[in-house]
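The values are calculated or read from the model by the stated rules, or taken from the named source; none is laboratory data. These numbers come from a predicted model, not from an experiment. Using ideal geometry, Cβ is built from the backbone for each residue, glycine included, and neighbour counts are taken over all protein chains shown.
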Amino acid sequence: MERSSSLDLRCQQDVEKFFSDRKPEYVFLSAARVGGILANERYPAEFIYDNLMIEANVVHSSFRHGVKKLLFLGSTCIYPKFAPQPLKEESLLSGPLEPTNEPYAVAKIAGIKLVQAYRKQYGCRFISAMPTNLYGPGDNFDLEKAHVLPALIRKVHEARESGAGAVNVWGSGRPRREFLYVDDLAEACVFLMRNYDGDDVVNVGFGEDVTIRELAEMVAAVVGYDGALEFDVSKPDGTPRKLVDCSRMTALGWVPGVSLVDGIEKTYNWFIEHYSVVTGAEV
Ligand code: GFB
């Protein structure tokens, strides 16, 4: 696996050189500019530009260098804000997107179309998967840029450590989100690389969702915090729900294995073991 510090996937020349030097046979295109709801709102140009450049360069070089198979990872935010739930793959492009992450979603939709076009015109064995909200060890715990789960883990932990009486939770607490543990997604990607070769995208979900309030309560229980949850409605809720229909993946023979509570515990344990590194705090 290459990290952005050693290879800038936005630079076509660098990507071409990487492919001619390393000659990869299988490509898992998971690299992306990602972030939570506020990061998407604040940095729309970076989210659309970086993701378009990354996917265009990697897909094109994979074609030029005869990669055997490529798996492109999108996101469930590609589906319309008010599409029927659970979200089916067929609902793609059937309605307006959630405004808070539309630039990112458009870039990811372009990635899907890239993969499908290279399959059609050049016969490339390129496939796409749409994972639901991911979390786990190695997550981004920056409170401005992170997704909700790592942000809440850090906020609740620091509230307990400091003796704060309340934790600030963005939004109303009413939106619903589905969460998939990162190891489950990794396993699903290998499974798809081995067992799927179709034109259509495949949703990779957990199968259940929770409200943000329920999530915050679960994090507080895992961390052992009994203070109050304060909901800050000056912050956006984003899309009301995005539970994916993962019947395609189930029919292929794959189901996730890590429950949300177990996943939160594993992630929290990793967070406290790496606290000084992920937060930059002097311990
Ligand atoms: O995870 P999140 O930032 O992104 O927010 P999305 C999910 C919900 O959690 C929103 C609420 O309703 C937030 O208001 N929330 C509560 C918080 N407290 C917090 C907090 O401290 N931090 C954050 N970040 N949220 C993302 C897209 O949408 O979904 C990405 O922006 C990507 O591009 C990802 O597609 C999968 O789930 O709303």
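Table for the structure above
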read-out	value
Long-range neighbours under 8 Å by Cβ, at least six apart or interchain, first residue closer than 26 Å to Val190 by Cβ and aromatic (Phe, Trp, Tyr) within the stretch 6-32, second modelled with pLDDT of 95 or more and part of a helix (DSSP H, G or I)	Phe18/Ser61; Phe19/Ser61; Phe19/Ser62; Phe19/Arg64; Tyr26/Met193; Phe28/Cys189; Phe28/Met193
Any hit, the stretch 142-156, residues being under 19 Å from the mean Cα position of the chain (by Cα), among the small types (Gly, Ala, Ser) and over 14 Å from Thr211 (Cα atoms)	yes
Any hit, the stretch 51-64, residues being in contact with a strand residue (DSSP E or B) (Cβ under 6 Å, 6 or more places away or on another chain) and under 23 Å from Ala186 (Cβ atoms)	yes
All positions within the stretch 92-122 that are touching a residue at least 12 places away in the same chain (Cβ under 8 Å), aliphatic (A, V, I, L, M) and assigned to a helix (DSSP H, G or I)	Ala105, Val106, Ala107, Ile109, Ala110, Ile112, Leu114, Val115
Scan of the stretch 163-212 for residues that are within 11 Å of the ligand (Cβ to nearest atom) and of a type in the set (S, T, N, Q), ordered by number	Asn168, Ser172, Thr211
Residue within the stretch 268-283 that is at pLDDT below 95 and either within 20 Å of the chain's Cα centre (by Cα) or surrounded by 19 or more Cβ atoms within 10 Å (Cβ to Cβ) (or both) present	yes
Answer residue from the stretch 245-266, given it is polar (S, T, N, Q) and under 10 Å from Gly207 (Cβ atoms) and is surrounded by the fewest Cβ atoms within 10 Å (Cβ to Cβ) among those	Thr250
Within the stretch 151-162, tally of residues that are more than 8 Å from the ligand (Cβ to nearest atom) and touching a strand residue (DSSP E or B) at 6+ places or on another chain (Cβ under 6 Å)	2
Of residues in the stretch 51-91 being within 15 Å of the ligand (Cβ to nearest atom) and in a loop (DSSP other than H, G, I, E, B), the one nearest to the chain's Cα centre (by Cα)	Ser75
Which listed residue, of Leu114, Leu97, is aliphatic (A, V, I, L, M), more than 10 Å from the ligand (Cβ to nearest atom) and in contact with a His (Cβ under 9 Å, 6 or more places away or on another chain)	Leu114
Pairs where the first residue, in the stretch 130-154, is over 21 Å from Ala186 (Cβ atoms) and touching a residue at least 24 places away in the same chain (Cβ under 8 Å) and the second is in a loop (DSSP other than H, G, I, E, B) and more than 9 Å from the ligand (Cβ to nearest atom), C-beta under 7 Å, 6+ apart	Arg154/Phe141
